[in-house]
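Student: Sharing a structure with you now.
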Amino acid sequence: MAAEAGEEEEEAARESAARPAAGPALWRLPEELLLLICSYLDMRALGRLAQVCRWLRRFTSCDLLWRRIARASLNSGFTRLGTDLMTSVPVKERVKVSQNWRLGRCREAILLKWRCSQMPWMQLEDDSLYISQANFILAYQFRPDGASLNRRPLGVFAGHDEDVCHFVLANSHIISAGGDGKIGVHKIHSTFTVKYSAHEQEVNCVDCKGGIIVSGSRDRTAKVWPLASGRLGQCLHTIQTEDRVWSIAISPLLSSFVTGTACCGHFSPLRIWDLNSGQLMTHLGSDFPPGAGVLDVMYESPFTLLSCGYDTYVRYWDLRTSVRKCVMEWEEPHDSTLYCLQTDGNHLLATGSSYYGVVRLWDRRQRACLHAFPLTSTPLSSPVYCLRLTTKHLYAALSYNLHVLDFQNP
């Protein structure tokens with residue numbers, strides 16, 4: 001009897017989800033035409049249409065109808081060129097969460113605490129978080145909600161004699177830059193670790209793509225290194241930047257890299273170098289004031305990049321239009337240094353300020369800041385040293401805590 005009742009319920013569910021036999025002539029149109037008609041509806045109209053019946057609820061949940069809306073939304077998993085980075089998650093669900101980013105609705109929590117003041121850096125990979133503390137790097141696994149961590153680290157990567165300044169993940173390796181002037185290469189899934197002397201002073205920044213490592217230092221040089229195991233520590237090029245190097249990034253085309261320096265000389269703090277020869281290709285901008293050092297720089301595409309630093313501006317550069325002037329800029333409203341930035345590759349921009357742990361969200365189609373989240377109070381004022389984001393969460397590393405802003409469950 002129970003089996004028969006179950007079969008009847010399944011049959012009833014199938015019937016209710018099927019296209020209605022009666023009703024407006026609109027419902028009897030081919031699905032292709034209905035999709036075309038519904039593609040002109042906005043998010044609110046689609047939501048109302050989904051409440052008519054179960055069949056329309058299923059029909060209006062089609063990814064195809066929500067792609068246009070998602071591409072215009074904040075942090076929905078689509079790049080500026082329309083590439084879907086999260087094909088396993090329904091687009092409609094991502095658009096729902098995107099509204100929380102737009103309205104600033106989130107729940108704040110602290111993931112990790114440490115006793116001594118740190119200058120942490122972090123990276124995300126799949127369901128793991130990597131974060132530097134003092135002279136080692138810890139790997140943690142996220143719990144399914146993404147807003148909490150398993151307390152026991154998955155791994156500990158050591159080797160530096162002084163604090164880790166910066167690190168990246170590449171080819172199942174961690175490449176770390178240390179205050180001891182050394183670069184560390186750690187295999188994530190084994191105990192293999194190599195460190196080698198790279199600079200005369202602390203290595204402030206490092207990047208790795210396509211089997212090539214680039215590093216920048218306080219000793220006013222940038223260097224190019226191979227990642228191949230048999231050639232670790234063999235310097236390919238040494239570039240005299242004539243200024244302290246704070247940030248560095250390799251182009252997605254693997255043909256050049258950009259350095260962000262302290263802007264203490266009579267030249268731009270943003271310069272692009274040929275990766276194969278080490279020669280200067282061009283410099284960006286012409287009106288940086290003295291001391292306008294670039295603390296973070298990142299490529300968004302082979303021809304576009306973002307930068308921020310001491311002069312309180314985020315700048316968006318398009319190398320196809322001009323190298324002398326950025327195409328867009330956003331000013332930190334409280335005149336604070338900008339330590340770091342992150343982007344969803346489309347419309348959302350997040351920045352970390354130097355005072356009170358202020359994280360700001362920006363819609364790049366607007367000049368003004370969307371929302372600000374102060375993560376520390378006056379007695380514990382701290383810069384935001386590093387930011388990382390997913391479509392559901394934003395992670396911010398401060399002097400004493402690792403914070404998460406949960407936009408999925410505000």
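The values are calculated or read from the model by the stated rules, or taken from the named source; none is laboratory data. What you see is a predicted model; the values in this text were computed from it and never measured. No Cβ is skipped: glycine too gets one built from the backbone with ideal geometry, and neighbour counts run over all protein chains shown. These accessible areas exclude ligands, DNA and RNA; they are computed on the full protein's heavy atoms, side chains included. Shrake-Rupley method; radii C 1.70, N 1.55, O 1.52, S 1.80 Å.
Student: How would Glu125, Glu200 line up by accessible area, probe 1.4 Å, largest first?
Tutor: Glu200, Glu125
Student: Tell me, what % of the accessible area of the chain is carbon and sulfur with a 1.4 angstrom probe?
Tutor: That fraction is 51 percent.
Student: Any chance you could give the angle, 0 to 90 degrees and rounded to 10, that helix 91-103 forms with the longest Cα principal axis of the chain?
Tutor: Between helix and principal axis, roughly 60 degrees.
Student: For the range 270-410, what's the relative contact order in percent, using C-alpha pairs closer than 8 Å and at least 6 residues apart?
Tutor: The normalised contact order for the range 270-410 reaches 13 percent.
Student: By what distance, in whole Å, do the Cα atoms of the range 234-304 stretch along each of the three principal axes, largest value first?
Tutor: 31, 27, 18
Student: Enter the mean projected area of the convex hull around the alpha-carbon atoms of the chain, in nm², rounded to one decimal.
Tutor: Computed as one quarter of the Cα hull surface, the answer is 25.2 nm².
Student: In deg cm²/dmol and to the nearest 500, what is the mean residue ellipticity at 222 nm of the chain if only DSSP H runs of at least 4 residues count, each as -39500 (n - 2.57), divided by the residue total?
Tutor: -4000 deg cm²/dmol
Student: In whole Hz, what ³J(HN,Hα) sequence does the range 46-57 give by Karplus (6.51, -1.76, 1.60; θ = phi - 60°), x for Gly and Pro?
Tutor: 5, x, 5, 5, 5, 8, 6, 7, 5, 5, 5, 4
Student: Please name whichever of Met328, Ser73, Pro30 sits farthest to the positive end of the charge dipole of the chain, dipole taken about the Cα centre and charges placed at Cβ: Lys and Arg +1, Asp and Glu -1.
Tutor: Pro30
Student: Going by alpha carbons, how many degrees (0 to 90, nearest 10) lie between the helix axis of 2-17 and the longest principal axis of the chain?
Tutor: Approximately 80 degrees, to the nearest 10.
Student: Using all Cα-Cα distances in the range 79-170, what percent lands in each 10 angstrom bin from 0 up to the longest?
Tutor: 13, 35, 31, 18, 3
Student: How long, wide and thick is the range 24-82, going by the Cα atoms along their three principal axes, in whole angstroms, largest first?
Tutor: 38, 21, 15
Student: Continuing with this model, one more query. Taking the range 120-239 as the region of interest, what is the percent of Cα-Cα pairs per 5 angstrom bin, listed from the shortest bin to the one with the maximum distance?
Tutor: Bin by bin from 0 Å, the calculated values are 2, 12, 23, 24, 19, 10, 6, 3, 1.
Student: Using protein chains only and a probe of 1.4 angstrom, how many square angstrom of Val384 are accessible, to the nearest 10?
Tutor: For Val384, the solvent-accessible surface is approximately 0 Å².
Student: Kirkwood Rh and Cα-based Rg: tell me the resulting Rg over Rh for the range 237-350, rounded to two decimals.
Tutor: Result: Rg/Rh = 0.94.
Student: Considering only protein heavy atoms, what per residue accessible area in square angstrom results for the range 120-239 with a 1.4 angstrom probe?
Tutor: 42 Å²
Student: Something else about it: Hey, can you find the accessible area per residue of the range 286-410 for me, probe 1.4 Å, expressed in square angstrom?
Tutor: 38 Å²
Student: Determine the dipole magnitude for the range 120-239: charges of +1 sit on the beta-carbon of Lys and Arg, -1 on that of Asp and Glu, nothing else is charged, the reference point is the Cα centre, and the result goes in debye to the nearest 20.
Tutor: Dipole of the range 120-239, to the nearest 20 debye: 240 debye.
Student: By the scheme Lys and Arg +1, Asp and Glu -1, what is the net charge of all other residues having a beta-carbon under 11 Å from that of Val258?
Tutor: 0
Student: I'd like the projected area of the range 314-395, averaged over all directions, using the convex hull of its alpha carbons. Report it in nm² with one decimal.
Tutor: One quarter of the hull surface, i.e. the mean projection, equals 5.9 nm².
Student: Compute a Gaussian network model of the chain, connecting alpha carbons closer than 10 Å, and tell me which residue from Ala372, Ala25, Ala249 fluctuates the most.
Tutor: Ala25
Student: For the range 25-36, just list the computed ³J(HN,Hα) in residue order, Karplus coefficients 6.51, -1.76 and 1.60, θ = phi - 60°, integers in Hz, with x standing in for Gly and Pro.
Tutor: Using θ = phi - 60°, the values come out as 4, 4, 5, 8, 6, x, 4, 4, 6, 4, 4, 4 Hz.
Student: Specify the residue with the greatest mean-square fluctuation among Leu398, Leu111, Leu56, computed from a Gaussian network of the chain linking alpha-carbon atoms under 10 Å apart.
Tutor: Between Leu398, Leu111, Leu56, it is Leu56 that shows the largest mean-square fluctuation.
Student: Output wanted: per-residue J couplings in Hz (rounded whole) for the range 173-185, from phi through Karplus 6.51 cos²θ - 1.76 cosθ + 1.60, θ = phi - 60°, x for Gly and Pro.
Tutor: So the J values, rounded to whole Hz, are 10, 10, 10, 10, 10, x, x, 8, x, 10, 10, x, 10.
Student: Could you give the nm distance between label points at Ser301 and Arg58, where each point is 7 Å from its Cα heading toward the beta carbon?
Tutor: Here the modelled spin labels are 3.9 nm apart.
Student: A follow-up question, please. Mind counting lysine pairs for me in the chain? Cα separation below 20 Å, and the two need to be 8 or more apart along the chain or on different chains.
Tutor: 10
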